Amino acid sequence: MAATAVGVIFTNLHGEKVPELVRKRTIASIPFGGRYRLIDFQLSNMVNSGITTVGLMTTNNYRSLIDHIGSGKDWDLARKDGGIILLPPFSDVADKPYTTRLEALCGVKSFLRKRRESYVVLSDSDGVARMNIADVIAYHESKNADITMVTRSVTAENRVNGMLLKANADGRVTEVRINPVISEPECADTYVNVAVFNREFLINLIDDATSRGLTSFENDVIARQIHALKIYRYDFKGFYAEIDSLTNYYKYNMMLLDKEVRNQLFGARDVYTKVRDSAPSKYGLNAIVRNSLISDGCVIEGIVENSILFRGVKVEKGAVVRNSIVMQDSTIHANAVVNCVITDKNVEITERRVLSGCESLPYYVQKGSKL
C-alpha cells in the first residue's frame, strides 16, 4: 500500500535546538547509536514500508549528508526511476533558501506535481523511531483523511515544546495547540513531525497558503483550519527519541545500552546505513570493556565502561572512558580520563587530560579539536 506514496524528508529543520552538533552538518546527519545518522531511521522506515522515491530538502551544511547518502544504494534507493532525489533549497519563485516549513513546501511543490503517487509522507529528521509507515497510510485511507499526523502520548513532566493535538473518540483532531504553557499532569498527544497527505490535496493546500500570503504552516494552515480539514492522528506507541537538546541526545544514546531499548529500536525491521569495510575492533591484553557499544575499527587498550564508541576510535593504554559518547576516528590518549563527555569526530584528548561533565550537562568537544 505504501508503494503509492512518495517521501519528503526535511534535513535542516530544528537544527537550532542542537547548535553544538550542527555547526558543520545538518541535523539529519548527526551521528547516533555508534554507527548511524539520524536520517537513517527516516529513510529505513520509508524503505521498509515500500516507499521507493524520497526527496531530501536541504538548505546548508549538507556536504556530510551527501557524503553519507551517496547514490542511496545502501537503502536500495539507487534507482533509474525515483530513488533518492536531492531537492534544492530554493523554490521556483524565491531567490533565497527557505527559513520556514511553508517556504520549504513551496520549494517542493514542483517535485510533487511531477509525481504520480497518491500520497506524500512528510518527515523531519529530529526523531529516532522504528515506524511502519505502511500502517499509517492504511489508517489514513481507512479514515478517508486529508491529513494524518503521527503522535505519541506524553505527560507534563516529559512534554517538550511543539504541537499538541486533541482528538475525538474516532481519532479526528479537534484542537491544536502550539508550544502551550501547561502545568497540569494530564496526558497529551504530541506531534512527532511525521504526517501523511493526499498528494493533490497538499499541492492545493500550498497554493492556497501562498495566494493568501500565509507564513506559518503550523499556525496558519493547520491550526486555523482544524475544523475545515479532515485531520486525524495516528497514535505511535513504540520507542521514540526526540533529539531536541544536547542533553536529550546524550540521554537517548545512553538508553541504547539497555538491551530492551535496543530490541525496540532495532528489532524485526532493519535500520540501514552507509556500509564501510572496516576491520574488526581490536582489544589489548589489559583492556577492560563493560556495558558498551563498540563499532568496527576501534582499538581499545584502556578501560571503557557504559559508553558508545563509533568507528575507528582509539583508547590508548591507561585511558579511561566512562559514560561517554566518542564519535568516529577520535583518540583518547594514554592515561586520559573522560566521563559524561561527547566528543565529535576526529577529536584528540591528549595524555593525562581529565574531562568530566554530568548526565544533565554532558561536556561536549567540538569536531576536530585537540585538548
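The values are calculated or read from the model by the stated rules, or taken from the named source; none is laboratory data. A quick note: this is a predicted structure, and the numbers were derived from the prediction, not measured. Because the Cβ atoms are built from the backbone with ideal geometry, glycine has one as well, and the counts that use them run over all protein chains shown. For the accessible areas, the whole protein counts, side chains as well, though only heavy atoms, and no ligand, DNA or RNA atoms are used. Shrake-Rupley method; radii C 1.70, N 1.55, O 1.52, S 1.80 Å.
Numbers for the structure displayed
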quantity: Residue match in the range 336-348 (condition: in contact (Cβ under 8 Å) with a residue 40 or more places away in the chain, in a loop (DSSP other than H, G, I, E, B) and touching a Phe, Trp or Tyr at 6+ places or on another chain (Cβ under 6 Å)); calculated: no
quantity: Failed condition for SER142, given (1) in contact with a strand residue (DSSP E or B) (Cβ under 9 Å, 6 or more places away or on another chain); (2) open to solvent by 30 Å² or more (accessible area, probe 1.4 Å); calculated: (1)
quantity: In the range 300-311, residue surrounded by the fewest Cβ atoms within 10 Å (Cβ to Cβ) [restricted to those that are touching a Gly at 6+ places or on another chain (Cβ under 9 Å) and more than 15 Å from ILE349 (Cβ to Cβ)]; calculated: ARG311
quantity: Odd one out for VAL8 among (1) out of contact with any helix residue (DSSP H, G or I) (no Cβ under 7 Å at 6 or more places or on another chain); (2) touching a residue at least 24 places away in the same chain (Cβ under 8 Å); calculated: (1)
quantity: Filter pass, ARG276 being assigned to a loop (DSSP other than H, G, I, E, B), open to solvent by 30 Å² or more (accessible area, probe 1.4 Å), touching a helix residue (DSSP H, G or I) at 6+ places or on another chain (Cβ under 6 Å) and touching a residue at least 12 places away in the same chain (Cβ under 8 Å); calculated: no
quantity: Given (1) exposed (fewer than 14 other Cβ atoms within 10 Å of the Cβ); (2) closer than 15 Å to VAL326 by Cβ; (3) acidic (Asp, Glu), index of the condition ASP270 fails; calculated: (2)
quantity: Hey, TYR252 hydroxyl-bearing (Ser, Thr, Tyr) and open to solvent by 60 Å² or more (accessible area, probe 1.4 Å) or not; calculated: no
quantity: Where a residue in the range 99-128 is farther than 16 Å from ILE9 by Cβ and its partner, wherever it lies, is open to solvent by less than 30 Å² (accessible area, probe 1.4 Å) and in a loop (DSSP other than H, G, I, E, B), with Cβ under 6 Å and at least six apart; calculated: CYS106/SER91
quantity: Close pairs from the range 51-71: first of a type in the set (Lys, Arg), partner outside any helix (DSSP H, G or I), Cβ under 9 Å, at least 6 apart; calculated: ARG63/LYS24; ARG63/ARG25
quantity: Residue count, the range 279-296 (criterion: surrounded by 13 or more Cβ atoms within 10 Å (Cβ to Cβ) and of a type outside the set (A, V, I, L, M, F, W, C)); calculated: 6
quantity: Enumeration of residues in the range 300-335 that are part of a strand (DSSP E or B), touching a Cys at 6+ places or on another chain (Cβ under 8 Å) and in contact (Cβ under 8 Å) with a residue 40 or more places away in the chain; calculated: LEU309
quantity: Given (1) under 25 Å from PRO19 (Cα atoms); (2) not in a helix (DSSP H, G or I), index of the condition HIS227 fails; calculated: (1)
quantity: Filter result (of a type in the set (A, V, I, L, M, F, W, C) and either exposed (fewer than 13 other Cβ atoms within 10 Å of the Cβ) or modelled with pLDDT of 95 or more (or both)) within the range 348-371; calculated: ILE349, VAL354, LEU355, CYS358, LEU361, VAL365
quantity: Residue list for the range 279-299, restricted to those being without any contact (Cβ under 8 Å) to a residue 60 or more places away in the chain and either assigned to a strand (DSSP E or B) or under 24 Å from ARG352 (Cβ atoms) (or both); calculated: LYS282, TYR283, GLY284, LEU285, ASN286, ALA287, ILE288, VAL289, ARG290, SER292, CYS298, VAL299
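Conditions tested, residue by residue: (1) acidic (Asp, Glu); (2) modelled with pLDDT under 90; (3) surrounded by 19 or more Cβ atoms within 10 Å (Cβ to Cβ); (4) in contact with a helix residue (DSSP H, G or I) (Cβ under 9 Å, 6 or more places away or on another chain).
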position	(1), (2), (3), (4)
VAL160	no, yes, no, yes
LEU164	no, yes, yes, no
ASP170	yes, no, no, no
VAL176	no, yes, yes, yes
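Yes/no per residue for (1) free of Cβ contacts under 8 Å to residues at least 24 places away in the same chain; (2) under 14 Å from the mean Cα position of the chain (by Cα):
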| residue | (1), (2) |
| --- | --- |
| THR247 | no, no |
| LYS251 | no, no |
| ASP258 | yes, no |
| GLN264 | no, no |
| ARG269 | no, no |
| TYR272 | no, yes |
